[in-house]
Amino acid sequence: MTTHRTTRRTLLRVAGAVAATGMTGLLVPARAQGLAPTPSMRGGANNYRPGAPVVARIGGGGFWMTGTVRRAGDGAPLAGQRIQIWAHTTEGQERDPQSHGATLTDAEGVFRLEMPQIIPAFGQAHGHLAYDGAEFQTVFLRPVMARASDTSLSADFVLQPV
């Protein structure tokens with residue numbers, strides 16, 4: 001009789017858990033939804049330069065472009081990923097070669113590149129960033145600064161393997 005009540009209680013607890021979580025059908029272990037990949041910005045490739053060199057700094061510096069790079073799904077940080085950065089700055093326009101450079105992510109998937117102050121182009125102060133390696137789908141981003149006087153801008157990538 002004790003076995004019957006224990007089994008019945010267990011069954012009621014499991015049924016209650018299923019009802020509370022809205023699960024239907026077979027019971028399966030809970031799984032994380034996963035981190036969705038960053039969508040590439042339409043038209044984000046304007047003034048992009050394939051193969052822009054990895055540099056320690058673009059121009060005279062004074063402004064920081066930062067961000068992270070993680071893998072879609074599990075969100076693992078991605079080390080050694082090449083991120084190209086370009087912008088309209090106090091030292092050049094988006095199309096100028098000296099306004100482009102690339103950097104690599106560190107062991108934690110973080111990138112930082114110093115560059116000249118970004119200034120408004122077409123009414124907005126914004127930067128351009130691209131991941132264009134072979135392991136993941138290409139992503140172009142164009143983050144807009146909250147204020148033209150900001151001295152840093154951050155953009156995060158979540159990359160989908162090819």
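The values are calculated or read from the model by the stated rules, or taken from the named source; none is laboratory data. Remember, it's a predicted structure, so these values are computed and weren't measured experimentally. Heads up, the Cβs are rebuilt from the backbone with ideal geometry, glycines too, and the neighbour counts pull from every protein chain shown. Accessible surface areas use protein heavy atoms only, side chains included; no ligands, DNA or RNA. Shrake-Rupley method; radii C 1.70, N 1.55, O 1.52, S 1.80 Å.
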Checklist outcome for this item: Measuring from its Cα centre, segment 84-162 shows a charge dipole (+1 at each Lys and Arg Cβ, -1 at each Asp and Glu Cβ) which, in debye to the nearest 20, is 260
Checklist entry - Can you list the HN-Hα couplings for segment 36-41, worked out from phi with the Karplus curve (6.51, -1.76, 1.60; θ = phi - 60°), rounded to whole Hz and with x for Gly and Pro? => result 6, x, 6, x, 7, 6
Item to check | Shape box of segment 63-159 [Cα atoms, principal axes, largest first, Å] | outcome: 37, 25, 20
Checklist entry - So what are the ³J(HN,Hα) numbers for segment 78-86, from phi and the Karplus equation (6.51, -1.76, 1.60; θ = phi - 60°), rounded to whole Hz, Gly and Pro as x? => result 10, 7, x, 8, 8, 10, 8, 10, 8
Checklist outcome for this item: Long-range amide H partners of A125, meaning residues 5 or more apart or on another chain whose placed amide H is closer than 5 Å, are M145
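If I compute solvent accessible area with a 1.4 Å probe over the protein chains, what percent of it on segment 63-159 is carbon and sulfur? It would help to have the intermediate numbers written out before the result.
Values: 2020 of 4070 Å².
On segment 63-159, the fraction of accessible area on carbon and sulfur atoms equals 50 percent.
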Item to check | Cβ-based net charge around R71, under 14 Å, with every Lys or Arg adding one and every Asp or Glu removing one | outcome: -3
